[in-house]
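Let me begin by presenting the structure, written as structure tokens, before commenting on it.
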Amino acid sequence: MKRKALKQHYMGLGVSDHALVRYLQRVKGIDIDALKEEMIEENVVRCYSALGDGVYPSNHYRLVIKNSTVVTCLQKRAS
């Protein structure tokens, strides 16, 4: 089954990623800005500053940066 980028379907009703983020922020009280700061660790900033866009390792995951924006978070590669 193909995964749809913006929707997960339940009973024919989709939920966008944007709506999910706003739900987590406004209903569950999750501080989205704090999560953004937590995601981008110092080593990622140093690598990005030196090399530009790319895939950079963090402690428990890898961040993909394109056009100066983190576009996804990947699992850390197995050692």
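Throughout, read-outs are computed from the coordinates displayed, never taken from laboratory work. Worth saying up front: this structure is predicted, and the values here are computed from it rather than measured.
Please compute the contact order of the range 39-79 in relative form: average sequence separation of alpha-carbon pairs under 8 Å and at least six residues apart, divided by the residue count, as a percent.
Relative contact order here is 27 percent.
Evaluate the relative contact order of the chain (contact order divided by residue number), counting alpha-carbon pairs under 8 angstrom at least 6 apart; express in whole percent.
13
Would you mind computing the Rg to Rh ratio of the chain from its alpha-carbon coordinates, Kirkwood style for Rh? Intermediate values should be presented prior to the final figure.
On the way: Rg = 15.3 Å, Rh = 14.7 Å.
My calculation puts Rg/Rh at 1.04.
Which ³J(HN,Hα) values, rounded to whole Hz and listed in residue order, are derived for the range 45-61 from phi using the Karplus coefficients 6.51, -1.76 and 1.60 in 6.51 cos²θ - 1.76 cosθ + 1.60 with θ = phi - 60°, glycine and proline given as x?
Along the range 45-61, the couplings run 4, 4, 4, 4, 4, 7, 10, x, 4, x, 10, 10, x, 10, 4, 10, 6 Hz.
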